[in-house]
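Structure first, then comments.
The values are calculated or read from the model by the stated rules, or taken from the named source; none is laboratory data. Keep in mind it's a predicted model, so treat the numbers as computed, not measured. Here the Cβ is made from the backbone with ideal geometry for all residues, glycine too, and neighbour counts use every protein chain on show. The accessibility values were calculated without ligands, DNA or RNA, using every heavy atom of the protein model including side chains. Shrake-Rupley method; radii C 1.70, N 1.55, O 1.52, S 1.80 Å.
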Amino acid sequence: MDIMQTKTDPRVLRTRKLITEAFINIFQTKSFSEISVKDITTEAMINRATFYNHFLDKYDLLEKVVEEKLHLNLGCDKQKTSMSIEQTIETVFLSLTRFETSVPSISGQEEKDAIDAIIKLELVNIFRTKLIETNPLTEQSLLDKLANWLTFTVRGISLDWKDSDGNETAGEFIKPLLPFIMCGIETL
C-alpha cells in the first residue's frame with residue numbers, strides 16, 4: 001500500500017479521528033503531563049500498537065492536533081492565492097482568535113510552549129509563502145525576517161484580543177490596527 005493510499009484510507013482516517021477526539025476529551029479534564037498513552041488508547045478503544053502506528057508519542061499527537069485545528073481554523077486548504085498580504089494578515093488573525101477559543105484552556109507551561117511553537121512555525125510558513133508569492137524578486141533573507149515579524153505581530157495581537165475585556169469582536173479589534181501593520185507607526 002503506498003503512502004498516499006494510507007493517508008486517505010477511510011480506516012486510517014477514522015482511527016486517527018478516534019485517537020485525536022479521545023485526546024481532546026481527556027485534555028479537557030487532565031493536564032498534558034498527566035495524560036498517558038494508555039489513557040488515550042482506553043478512551044479511543046484501541047490498542048497501543050494502533051496508537052503507535054499513527055503517532056510517535058503523545059508529543060507527536062499534541063503537535064498533530066494543534067496543526068490540524070490550526071489548519072482548519074486558517075482554512076489553509078481553501079486559502080486563495082489572490083488574497084493580498086493585508087487580507088492574509090486579517091484572515092490569519094481571525095483564524096487565530098477562533099483557534100484560541102476552540103481549544104480547551106491549557107494550564108501547564110510545557111503544553112503552552114509546545115502549542116505556541118507549533119503555531120509560530122505554521123504562521124511563519126504561511127506568511128513566508130504569501131510574501132514570496134507577492135514579492136518574488138525580494139531577497140529571501142529579508143522575506144524570512146518579515147515573515148517572522150508578521151508572525152510575532154499577529155500572534156501578539158491575537159493574545160491581546162484574548163486578554164481584552166471582550167467588548168470588541170476579533171474583526172473590530174484588528175481593523176484599526178491593519179493600517180499600522182501595513183504602513184508603520186508613521187500612519188499616526
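For the pair F180 and E110, how long in nm is the line joining their label points, each one 7 Å along Cα→Cβ?
With each label point 7 Å from Cα toward Cβ, the separation is 3.8 nm.
Given labels modelled 7 Å from the Cα in the Cβ direction, how far is it in nm from V12 to T101?
Label at V12, label at T101, 3.5 nm between them.
Note the angle between two axes, namely the Cα long axis of helix 10-27 and the longest principal axis of the Cα atoms of the chain, as a number of degrees from 0 to 90, rounded to the nearest 10.
Taking the Cα atoms of the chain, the angle to 10-27 is about 80 degrees.
What is the percent carbon and sulfur in the accessible area of the chain, measuring with a 1.4 Å probe over the protein chains and ignoring ligands?
On the chain, the fraction of accessible area on carbon and sulfur atoms equals 56 percent.
Which angle from 0 to 90°, rounded to the nearest 10, does the C-alpha axis of helix 58-74 make with the longest principal axis of the chain?
With rounding to tens, the tilt is 40 degrees.
I'd like to check one number: the per residue accessible area of the chain, probe 1.4 Å, reported in Å² as a whole number.
For the chain, the per-residue accessible area is 60 Å².
Over the chain, calculate the relative contact order: mean separation of alpha carbon pairs under 8 Å at least 6 apart, over the residue count, as a percent.
20 percent
Work out the length of the dipole vector of the chain about its Cα centre, built from +1 on the beta-carbon of each Lys and Arg and -1 on the beta-carbon of each Asp and Glu, and round it to the nearest 20 debye.
In total the dipole reaches around 640 debye.
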